[in-house]
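Asker: The following block contains the structure, expressed as structure tokens.
Just so it is clear, none of the values below were taken in a lab; they were calculated from the coordinates. Because the structure is a prediction, the values reported are computed rather than measured. Positions of Cβ are generated from backbone atoms using ideal geometry, with glycine treated the same way; all protein chains shown enter the neighbour counts.
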């Protein structure tokens, strides 16, 4: 089993720096924090301090509340959570809120069988989380609240989308289309916000007709692009499309191919998530990599820390994303 010394060596920092990151104390640069987080993930390091305290915990069940378990990125998220929980004898219960029935979560929590809650669904409102936090330890994975009792670990979706537009701009693209995700998704809203911010900063026009509606499925990306192409001439297209996730990007690519358009020679495509399939489609997909395993493992670590001491001064964590450039994009205009 990896030790804190191993983490420090892998990250190229001191043991005390690793300790600062684990305890969210001290003044640590974001770059250093990310190095330590990556080292912890790579080594699957589990802080010893948790084991001593959690043996006394009477509950051995943690619930993950999600909208639905659908999409490749959930596999890594759940693995990250389970690997940490199982190392302390905790079990994971996954509770889906497909029909926005958050009142069912209320009933479920009143059974008293759950020792902690991980929340990643727009179906659960902020006021519900605040209410539940008075009775149970909670960590959110899709938002940050000002409530002291609610801690969060989340991915910087807005920054990821912002960086995509900056990259496309640096590659010569000036007309960039966008395919939105599910309307009620916080991730989708953050990504669109990042897209808009970058477009405005670069003084690029956002054409309403070039912003398409999707729902994060491959089918929606395919249908949205197919309908869009049916009303456009070949010469009246964006030189690039940014899709809110990889599945929609793959669907959009299929629609473009069926219409005889070459990727990336005529239209560049960018996705978001870096699912496993992204590197195997033809052309391979340029995308934004979300550290989903890391998100899950850090959320679990944080939740166990809160269970140990609900009054602990634990800072919220924002995990960085990275742009993965593959063959679906190209530079244009010389």
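Asker: Calculate how many DSSP beta bridges within the chain are antiparallel, expressed in % of all such bridges and rounded to the nearest 5.
Answerer: Rounded to the nearest five, the antiparallel share is 10 percent.
Asker: Next question, about the same structure. How big is Rg to Rh over the range 157-290, alpha-carbon atoms, Rh as the Kirkwood inverse-mean-distance radius?
Answerer: Here the Rg-to-Rh quotient is 0.92.
Asker: With a cut-off of 8 Å between alpha carbons and a minimum separation of six or more residues, what is the relative contact order of the chain in percent?
Answerer: Relative contact order, the chain: 19 percent.
Asker: While we're on this one: Quickly estimate the mean residue ellipticity at 222 nm for the chain, helices only: each DSSP H run with n ≥ 4 gives -39500 (n - 2.57), and the total goes over all residues, rounded to 500.
Answerer: The per-residue figure over the chain is -13000 deg cm²/dmol.
Asker: Percent relative contact order of the range 157-290, based on C-alpha pairs within less than 8 angstrom and at least six residues apart?
Answerer: Averaging sequence separation for qualifying contacts and normalising by length gives 24 percent for the range 157-290.
Asker: Could you tell me how many degrees, from 0 to 90 and to the nearest 10, lie between the Cα long axis of helix 186-201 and the main elongation axis, the longest principal axis, of the Cα atoms of the chain?
Answerer: 50
Asker: In cubic angstrom, how much convex hull volume per residue do the alpha carbon atoms of the range 116-215 span?
Answerer: 102
Asker: Relative to the longest principal Cα axis of the chain, at what angle does helix 218-230 sit, 0 to 90 degrees, rounded to 10?
Answerer: Tilt relative to the chain: about 20 degrees.
Asker: Okay, moving on. Alpha carbons only, please: Rg and Dmax for the chain, in angstrom.
Answerer: Spelled out, the Cα radius of gyration and Dmax of the chain are 21.3, 67 Å.
Asker: Calculate the all-directions average of the projected area of the range 179-246's alpha-carbon convex hull, and give it in nm².
Answerer: Its average projected convex-hull area is 4.7 nm².
Asker: Follow-up. For a protection proxy built on the mean count of beta-carbon atoms within 10 angstrom, sort 312-324, 283-295 highest first, please.
Answerer: Sorting 312-324, 283-295 by mean packing, highest first, produces 283-295, 312-324.
Asker: Would you calculate the convex hull of the Cα atoms in the range 221-334 and tell me its volume per residue in Å³?
Answerer: Output value, Cα hull per residue: 127 Å³.
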